[in-house]
Each structure stands twice: as structure tokens, then as C-alpha cells.
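The values are calculated or read from the model by the stated rules, or taken from the named source; none is laboratory data. For clarity, every value in this text was computed on a predicted model and none was experimentally measured. In this analysis, Cβ positions are derived from the backbone assuming ideal geometry, glycine residues included, and neighbour counts consider all displayed protein chains.
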């Protein structure tokens, strides 16, 4: 049987433990990124061929516990129980052993074959932490391997261990909890013995005491009288300890974790304060923290825009003769024009979006790998709370300044549906690099830098204001921030490049098809000669309400594809890039305001559609169109007093 | 007898001071969430700092650092060491 040469392993661990480094090391090019059935959460799978074995690797989402609190946790738990992988590889952050152990204990309760990986053992050593892995191995009766995943150190030992132990029956003596709790657990386990459950009895018993609603439902169907007894036992535990029985068990795990940590860890007395500690004090300080943040983010945008402008210019030079080549070689038929529309859409994506998004992602991932992103969440939590979301939402905002598409995607890190939705809606109002091209190209160049800055401040205030309203309108309680604060560490180049590549790939796969299709459709409308009629039809809005030239009606339609087209096509229409010939300062500001808010671009709409359903996606578009037009009209009337 | 004065909400503790968690108020899911991160009664914690205008609190617990929102922090009672 070829089956003997097949092993499947899953990687499980808390966030920041280095799971993805291990996954990438193992699977390299043989990766498959999909979604969990019906969920927007990524499913990462890959294959490793090693010593004649085919090893399937699955990366479970990074989580903090196996209680069904979030979708990720539910997925992970279900997968381990139902798919019964050969091994669960628990990646542990050695610098945060105690907290990671709480999760490990929950994995052990599942009674699956487990291999423990003490990752970042080098960083732990730097912090003066030495871990006795032999003692650790004895206590938890599972193999322990020491690794430094970012450098690939120790990783083959994991697979070697899996091959060595394949087929060996595990007889676990998982660490035991306190006496009276174990008594309750074993009593319930015995009562559960005679019913057919897909789960281990001891685990089921623990979950019943923890009042896990899903497990209670399953047991109710099979043997409801066990629930009665579980309830009685819970009450007894609650009487002894004075808290809810689920908390009693969580407490127990946490105490056991600290007990094990004390036994296996030798902590050297703190040596001199390290550079990183000092950096941490400055970057999270009440005052200097904000100053540093402004400097870092300001520097980031400056770099992105100066690099982007330069790179975009280079690309333009390369592509400028392609249209001529197409017309001479393919001809100038209706179909050829549509074909060119498709090509041009891709070129524009490469030429306009790529130069800004590439450096943006690189810097973003440097900041993340370094550990700075968590500091921003910390510093911005208070402001974000005003909008009914917590500090982690600030990351989506920052990403959105580069591009709304990954900004919307990143909202998935928020814990609840409500927060995800609020963040996604607000994020679509953040001026992305394409909108910035318009703002800088019109207002920055012809009206003045102060007005440009004013527009950004205006956008932020508006987002804050709308956030406050949506926090009140959308029902539900705001979730509080709970976030581990990682230590600063030297950014790892390979990790950063890999993440950048993956993000770019995702952007291209999502954005390109939508951009091409809509590009062709709009071109078809144009060729059919309906554009004039459309601009006439829209003129009550564009000309009378907004005080703009009639042509802007068409520009705004093209802008749905990509916002910067508003500027690009305006230049094409005027036959010059000197916009001050055609627009007054007032019109420029009005046009910039409309462009900023009037609709998310098609690529962003497609994400909203995918993650929140078409009803919400369309509702967002309609509301934003109405809102932007109303707002810009008011701005125009206010500007009447200024200019 | 324990002096009541030494017990206070986590948000009232000065930066740099440590104490033992006496109680965690709040819903079952939330309390459990905190427990999964090592924040349970009897655990020693140290306040590292917080942001302007009473923002979230940064604490050290079980040898690693956590940031928790102010609302949550207010539900944790600590006895000063």
C-alpha cells in the first residue's frame, strides 16, 4: 500500500508563534490557498516530499484557544476532531511559553498525536530563558523539538519525528488538573462511555463542565441524562470556587501552565536593559509614542509616493507605444477596440496601482515583522473606540491608504461580524493611492499644499464622524481589545518578501478579472456612442449641483473602474495635462471631494460582495454615491465664499 | 486583614506597579477569553503603561505582554503587592 508512505500533519498554535514560517519552509512552492467551506477564512494546504514520504501539511488559523469563540477556533477544533490528522504540530513561541502552554493543554485534551515545537528558541535564549525540553517531554508525554523557524533550524527534525512515530500507538498520560475537577471529569467520562461520540470522552466531559453549547447540543440528542449530572457537578464546582465552572476549568489550565513553566524554565536574572526594551518604552509612550508613529507613517507614505511616482513614470514610458502597435497589427475594428480595452485595463493596473502597492506592502510587512503594527493598534485603540471598533481596526485603515482592496480584506482580523462590517465600510472611505493621485494631481499641483492637507484632514474627520454614527446605528456591543504585544525583533527579509508576494498575488487575482471585465463593458458602451447621452443625463448633477463640466459625468463612471482614471481620462479629453486650463480651483477641490467618497472602485466592491453579500455591497455603493454628491455640492457652495 | 485600599481596578494602578488578580467580572465568554490568555484570579500582573486620554492598558502577565481595552481592564480587580 502506498498509504504507508503518506502522512498528514496540521500546524496549530497561537498567533505570532511562527506557524507560517514553518508552513512555508515545509511546503515552499507546493502550496494551495483556498477557503474553508463557506467561510472567508483562508485554508492553507501544501505538500512536502521528504525521504520517500508524501506529507500533507495544513496550516490551521492562529488562535488562542479551542473554545468555540471565533470562527477560526471552531474550524480548528472541528478539523482536528473530524479529520484525525496523523500529527498535530503545536508551534510554541518559546519567549511566551506560559501563555502558549494554555493552548497546548487544550490540544492535549483532544488526545490527538502531538509533536511540540519550541520555536524561536534563539530569542528565548537572548531573553535569558532556558527551557529543559527533556523534562518538558516527560511532563506532557509527547516529543519536543527545538527550532528557529525563520532560519530553518530544527525544522527537518519535526518531520523526522513524525516519520519515526508514525503508526506508534499513543498512550497519553496528559497532565492532570486539580483533584476535585478530575473527579468530576472522570465521573462524566464514565457516563459518556456507552454513547457513540466522535470525540474523546474525557474531552467531552471537560467541555460539558465548560458549558460548551455545541457539545451540550450533541450530548442532549444522545443521552440527555448526562447533562443533568454535568449541571449538578458544575454547581458543586461553582460552590467550591465561587466562579462559573467554565472559568474554574480555564483557571485550572492556566495554573497548570504556570506550574509546568516553573518546572521546566530557568530564567536568568534580567540583564541590562536591551535596545529593544528602550525602543519599546519610547514607541508606546503617551507622548513620544504618537510622535514616533506620525514620523514612521509619514515617512512610509512619503517613500511610497516618491517611489511610486518614479516607478509609474518608468512604466508609462515602456507602455506608451503599445497602443499604436496594437492598432497597426490588430486593426481598428469594434472587437479590436474591446481587446485593447482589456489589455489597457491590465496595463493600467500594472502601471498605476502596482508601483504604489509594491513599496507599500514591503514597508507594511517590515513594520509588522519588526513588531510595530501591534504598537499602532495599542496607540490608536482609544480613537478607534469612538467608531465602535477597537485598535486592530487601525491596521485596515493604514493598509487602505495604499489600496482599499487589501484594506477590506484585512478587516477579517476583527473578531465579530459587526466590527468587520463597520471597519470595511469606513475603510472604503479612506483615500487610497489612486485617490491620492487625483488629490495631488489636481489640488496639490494647482491649488496648494495646504488645501491638499486640508482634504486629508477633512477625510479623517468625516470617517471619524461616520464611524460614530455607524457605531450607534449598527446593533451590537463593541468588542474590547485583547492583543498580545510582541517583542521587537529584527525583520526577516525572506518572510517579508514572501508576504509581499502573497499579498500582491491576492490583489492581482481579485482585482484583475473585475477590472478587465468592467473595462470592456464600459468601452462597449463608449463605442456604442451612449457616452454623450449619459453625460447629458447626468448634467443636472454634475453641472448644476456640483458646478463641474459635463464631461465629469463620464469620468466618474470610468472612475468606478479605478479612481485615477478620472484624472487620466480628463487629460486625454483635454488633450493636455495642464488642468488649470479647464478647471477652476474650486472645481478641482469639488472634483477631488467627489472622487474621494463617491463609490468604492470595482475591485473593492467585489471584496465587499464576496465577504458581506451583494445586498450590503450594493447598499454601500448607493449610500456612498448619494452621500458624496450631497457632500461635494455643499463643499462647492461653501467654497463660493472663499474663491 | 487585607486592607481594602490595596484593592483596586486595573485601570487605577500606576504604571510600573504589580499585583495579584483578585477577581475578573464580566460575561462567561469574556472571562474565559482572558483565562485562555493567562489572566485568571491569583495570577500576578504588572502594569507597563497606557495611552493618552485613558486608553487601553499594557500589562505583563505570565512573562509576556498583553494589551487590553480599558473597558475590560476596569473589570479586573487587583490587590497591590
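Does residue A:367 satisfy the condition of being surrounded by 22 or more Cβ atoms within 10 Å (Cβ to Cβ) and on the phi < 0 side of the Ramachandran plot? No; evaluated as a whole, the condition is false for this residue.
Of the numbered conditions (1) more than 18 Å from residue B:32 (Cα to Cα); (2) within 32 Å of the chain's Cα centre (by Cα); (3) without any contact (Cβ under 8 Å) to a residue 12 or more places away in the chain, residue A:251 satisfies every one except a single condition; which is it? Result: residue A:251 fails condition (1) only. So for the range B:62-69 (the condition being facing chain A (nearest Cβ under 9 Å), assigned to a helix (DSSP H, G or I) and at pLDDT below 85), does at least one residue qualify? Checking the range B:62-69: not a single residue is facing chain A (nearest Cβ under 9 Å), assigned to a helix (DSSP H, G or I) and at pLDDT below 85. Restricting attention to the range A:591-638, the residues being surrounded by 15 or more Cβ atoms within 10 Å (Cβ to Cβ) and assigned to a helix (DSSP H, G or I) number 32. Among the residues of the range A:253-279, those that are assigned to a helix (DSSP H, G or I) and more than 9 Å from chain B (Cβ to nearest Cβ) comprise A:256, A:259, A:260, A:262, A:263, A:264, A:275, A:276, A:277, A:278, A:279.
Residues checked against (1) more than 24 Å from residue A:629 (Cβ to Cβ); (2) more than 14 Å from the chain's Cα centre (by Cα):
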{"position": "A:396", "(1), (2)": "yes, no"}
{"position": "A:404", "(1), (2)": "no, no"}
{"position": "A:425", "(1), (2)": "no, yes"}
{"position": "A:429", "(1), (2)": "no, yes"}
{"position": "A:440", "(1), (2)": "no, yes"}
{"position": "A:459", "(1), (2)": "no, yes"}
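Can you say whether residue A:218 is within 15 Å of residue B:28 (Cβ to Cβ), without any contact (Cβ under 8 Å) to a residue 60 or more places away in the chain and part of a helix (DSSP H, G or I), as far as the supplied structure shows? For residue A:218, the condition - within 15 Å of residue B:28 (Cβ to Cβ), without any contact (Cβ under 8 Å) to a residue 60 or more places away in the chain and part of a helix (DSSP H, G or I) - is not met. For the range A:164-185, taking the residues that are part of a helix (DSSP H, G or I) and either on the phi > 0 side of the Ramachandran plot or touching a helix residue (DSSP H, G or I) at 6+ places or on another chain (Cβ under 8 Å) (or both), the one that is modelled with the lowest pLDDT is identified as A:180. Would you check if there is a residue in the range B:4-21 being surrounded by 21 or more Cβ atoms within 10 Å (Cβ to Cβ), in contact with a helix residue (DSSP H, G or I) (Cβ under 6 Å, 6 or more places away or on another chain) and facing chain A (nearest Cβ under 9 Å)? Within the range B:4-21, none of the residues are surrounded by 21 or more Cβ atoms within 10 Å (Cβ to Cβ), in contact with a helix residue (DSSP H, G or I) (Cβ under 6 Å, 6 or more places away or on another chain) and facing chain A (nearest Cβ under 9 Å).
Within the range A:78-87, is even one residue over 13 Å from residue A:14 (Cα atoms), within 14 Å of chain B (Cβ to nearest Cβ) and more than 26 Å from the chain's Cα centre (by Cα)? Within the range A:78-87 (the criterion being over 13 Å from residue A:14 (Cα atoms), within 14 Å of chain B (Cβ to nearest Cβ) and more than 26 Å from the chain's Cα centre (by Cα)), the answer is no, since none of the residues qualifies.
Only residues that are within 14 Å of another protein chain (Cβ to nearest Cβ) and in contact (Cβ under 8 Å) with a residue 60 or more places away in the chain were counted across the range A:360-379, and they come to 8. Taking (1) over 31 Å from the mean Cα position of the chain (by Cα); (2) in contact (Cβ under 8 Å) with a residue 40 or more places away in the chain; (3) surrounded by fewer than 16 Cβ atoms within 10 Å (Cβ to Cβ) in turn, residue A:179 satisfies each apart from (2). Number of residues in the range A:368-419 that are part of a helix (DSSP H, G or I), touching a strand residue (DSSP E or B) at 6+ places or on another chain (Cβ under 9 Å) and within 20 Å of residue A:461 (Cα to Cα) equals 2.
Considering the range B:46-61, and only residues there that are facing chain A (nearest Cβ under 7 Å) and surrounded by fewer than 21 Cβ atoms within 10 Å (Cβ to Cβ), the residue that is farthest from residue A:15 (Cα to Cα) turns out to be B:53. A single member of A:389, A:357 is more than 14 Å from chain B (Cβ to nearest Cβ), crowded, with 19+ Cβ neighbours inside 10 Å and touching a residue at least 24 places away in the same chain (Cβ under 8 Å), and it is A:357. Restricting A:235, A:248 to those that are within 13 Å of another protein chain (Cβ to nearest Cβ), out of contact with any strand residue (DSSP E or B) (no Cβ under 8 Å at 6 or more places or on another chain) and assigned to a helix (DSSP H, G or I) reduces the list to A:248.
Which residues, taken from the range A:186-214, are touching a residue at least 40 places away in the same chain (Cβ under 8 Å), in a helix (DSSP H, G or I) and more than 16 Å from residue A:236 (Cβ to Cβ)?
Here is the first cut: in the range A:186-214, the ones touching a residue at least 40 places away in the same chain (Cβ under 8 Å) are A:187-188, A:198-200, A:202-203, A:206, A:209-210, A:212-214.
With the extra rule that they be in a helix (DSSP H, G or I), the set shrinks to A:187-188, A:202-203, A:206, A:209, A:213-214.
A:202, A:203, A:213, A:214, listed by residue number.
For the range A:472-493, enumerate the residues that are touching a residue at least 60 places away in the same chain (Cβ under 8 Å) and over 22 Å from residue B:50 (Cβ atoms).
Matches in the range A:472-493: A:472, A:474, A:476, A:489, A:490, A:491, A:492.
Residue by residue, here is whether (1) in contact with a strand residue (DSSP E or B) (Cβ under 8 Å, 6 or more places away or on another chain); (2) under 30 Å from residue A:207 (Cα atoms); (3) touching a residue at least 12 places away in the same chain (Cβ under 8 Å) holds:
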site	(1), (2), (3)
A:266	yes, no, yes
A:279	no, no, yes
A:287	no, no, no
A:334	no, no, yes
A:341	no, no, yes
A:347	no, no, yes
